[in-house]
Amino acid sequence: MRLFLKLQIPIILLVLAAYFLLIWPLHTPHPKFVFPEGTLAVRDVRIYISPDSAPIEHGTVLARTGIIVAAGQNIDVPQNTNIVECPNCTVTAGFWNSHIHFTEPKWENSAFKSADTLNAQLADMLTSRGFTTVVDLGSDPRNPVSLRRRIETGDLKGPAIYMCGLDIYPPHGLPYYLGDLPFYVRWTVPEPETPEAAAKVVERSIRLGADVLKLFTGSIVSPHKVLPMPEDVARAAVEVAHNHGQLAFAHPTNLAGTTVALYSGVDVLAHAPSSPAGIDTAYVQSIVDRHRSMIPTLKMFATTASTDPAFLQPIYAVVRQFHAFGGDFMFGTDVGYMTDYSTVDEFKALAESGLNYRDMLRMLTVAPAAKFGVTATKGTITPGKLADLVLLDGDPASDIAAFSRVHYTIRSGQLIYERTK
């Protein structure tokens, strides 16, 4: 009996440890956001109300309890208002990064790490880049769920987080560059072989807090082989996501993977195709005609794959054609997978692909807000919308790099980043 009791204690401790490390971080995946009290004014700045509007010089943006109440010139600022001044700065709506990952080891156990540690990490990767809304396209769900809970309840200063939970791969289709995952992690990776299995994976992911779906419709299983997802498997997964009002994203890679994405109903290509052989002008037009959006992630290709123009220029050509046909772009950098967080090279690559500052502001603001169906609250500096704002050093109309020089980031009327140097 005494031996039995001695054995029980470590078993109980092990069970408790497993619960707090594996299960507890997933509780309350969608907490209620705590709006800040008081009034905030951003004063004497250049304002871009929307990507298509002329700038308002020496304007003011006034917000109360996290909501914009006025924007323009000659705005009366009440007493006891928290005033942000930034001479020669440009103000736009808060930026979206529609392709990120919380996969780096530093995000593990985010439910338990100190606020100072996580705030510094969030600033380095996201808020210092102007991002007030981000979309995690594949991480251990415990990381984004824990971060989201702590951000929304006011414990951390960070962006709004949409997440997909675990990515879904083709049968036996884990990308070769993830081959070093521990065996116990590989067991959890979804590689459904039937439509029914795919549907169950998506339903389970939604119960764990997922807001979007991410499919590898073209998975790079070796340096020279891309495995497409069976179209019926992809279609079943997308159907479940759409039935829950969620968007479906796809990693397309090549012609076959892009075709599966298009015909299965995927909403957003999470990258420009990186092996675009066969994706000709008519095919690009068909993507646009089907109202699919694209996240180019051009810097990621140059940073993690190759700087060889023979590799990059065909990708740029697809982006140029997509833009020429009026395609809908969303901004994303794949940070988390890519550990260089700077955004300046992405803006330069987009400019090289034919986009101007209005195109870039659109993909940073109104395009993702429209795709996610939240234009009533996000995307422009309009009374009644959330006070999500970015203050830039300079005017991107004359200097595209100004998009990367962030002085302040404000989410729902709360200052979540301030440059100190």
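Quick look at the numbers
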{"read-out": "Residue-by-residue Karplus 3J(HN,Hα) for region 55-61, coefficients 6.51, -1.76, 1.60, Hz, glycine and proline x", "value": "x, 9, 7, 6, x, 9, 10"}
{"read-out": "Solvent-accessible area of Glu203 with every protein chain in place, 1.4 Å probe, in Å² to the nearest 10", "value": "70"}
{"read-out": "Ranked order, Arg149, Arg419 - accessible area, probe 1.4 Å, largest first", "value": "Arg419, Arg149"}
{"read-out": "Beta bridges per DSSP with both ends in the chain, % antiparallel, nearest 5", "value": "55"}
{"read-out": "Dipole of the chain, positive direction: furthest Cα of Leu361, Leu118, His251, with charges on the beta-carbon", "value": "Leu118"}
{"read-out": "Shape box of region 321-421 [Cα atoms, principal axes, largest first, Å]", "value": "39, 35, 31"}
{"read-out": "Cys residues of the chain counted as unpaired, since no other Cys beta-carbon is under 4.7 Å", "value": "Cys164"}
{"read-out": "Potential lengthening between His172 and Ser222 on full extension [0.36 nm per residue; Cα-Cα distance subtracted]", "value": "16.8 nm"}
{"read-out": "Label point distance in nm, His242-Arg290, each placed 7 Å from Cα along Cα→Cβ", "value": "1.1"}
{"read-out": "Cα centre as origin, Lys/Arg/Asp/Glu Cβ charges: the chain dipole, Debye", "value": "1000"}
{"read-out": "Region 184-264: relative contact order in percent, alpha carbon pairs under 8 Å with at least 6 residues between", "value": "35"}
{"read-out": "Relative contact order (%) - the chain, alpha-carbon pairs under 8 angstrom, separation at least six", "value": "19"}
{"read-out": "Charged-residue dipole, Cβ positions (Lys, Arg, Asp, Glu), region 87-211 about Cα centre, Debye nearest 20", "value": "340"}
{"read-out": "Hits among lysines - C-alpha to C-alpha of Lys299 under 16 Å, sequence gap 8 or more where chains match", "value": "Lys348"}
{"read-out": "Sequence ranges 343-356, 246-259, 26-39, 326-339, ranked by mean other-Cβ count within 10 angstrom, highest first", "value": "246-259, 326-339, 343-356, 26-39"}
{"read-out": "Placed amide H near Arg405: partners under 5 Å, 5+ positions off or other chain", "value": "Asp393"}
{"read-out": "Kirkwood-based Rg to Rh ratio, region 176-275, C-alpha trace", "value": "0.96"}
{"read-out": "Nearby aspartates and glutamates by direct alpha-carbon distance to Lys421 (threshold 13 angstrom, same-chain neighbours under 8 apart not counted)", "value": "Asp393"}
{"read-out": "Theoretical ellipticity at 222 nm over the chain - DSSP helices of four or more residues, -39500 (n - 2.57) apiece, nearest 500", "value": "-9500 deg cm²/dmol"}
{"read-out": "Longest to shortest principal axis, alpha-carbon extents of the chain, angstrom", "value": "75, 67, 38"}
{"read-out": "Stretchable slack from Thr382 to Ala370, in nm (0.36 nm times residue separation minus alpha-carbon distance)", "value": "2.8 nm"}
{"read-out": "Whole-number percent relative contact order across region 305-421, with pairs defined as alpha carbons under 8 Å at least 6 apart", "value": "18"}
{"read-out": "Fraction of accessible area attributable to carbon and sulfur, region 191-335 (%, probe 1.4 Å)", "value": "55"}
{"read-out": "Where region 221-372 is the region considered: accessible area per residue in Å², 1.4 Å probe", "value": "36"}
{"read-out": "Rounded to the nearest 20 debye, dipole of region 260-374 from Cβ charges on Lys, Arg, Asp, Glu", "value": "260"}
{"read-out": "Charge sum, other residues only, whose C-beta stays under 14 Å from Lys378's C-beta, Lys/Arg counted +1 and Asp/Glu -1", "value": "+3"}
{"read-out": "Glu196/Ala277 FRET efficiency (R0 22 Å; Cβ-Cβ; nearest 0.05)", "value": "0.05"}
{"read-out": "Chymotrypsin sites (Phe, Trp or Tyr not before Pro) restricted to DSSP loop in region 94-143 with at most 14 other C-beta within 10 Å", "value": "Phe112"}
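The values are calculated or read from the model by the stated rules, or taken from the named source; none is laboratory data. Since the structure is predicted, the reported quantities are computational estimates derived from the model, not experimental observations. With ideal geometry, Cβ positions are generated from the backbone for all residues, glycine too; neighbour counts draw on all protein chains shown. Side chains are part of the model used for accessible areas, which takes the heavy atoms of the whole protein and leaves out ligands, DNA and RNA. Shrake-Rupley method; radii C 1.70, N 1.55, O 1.52, S 1.80 Å.
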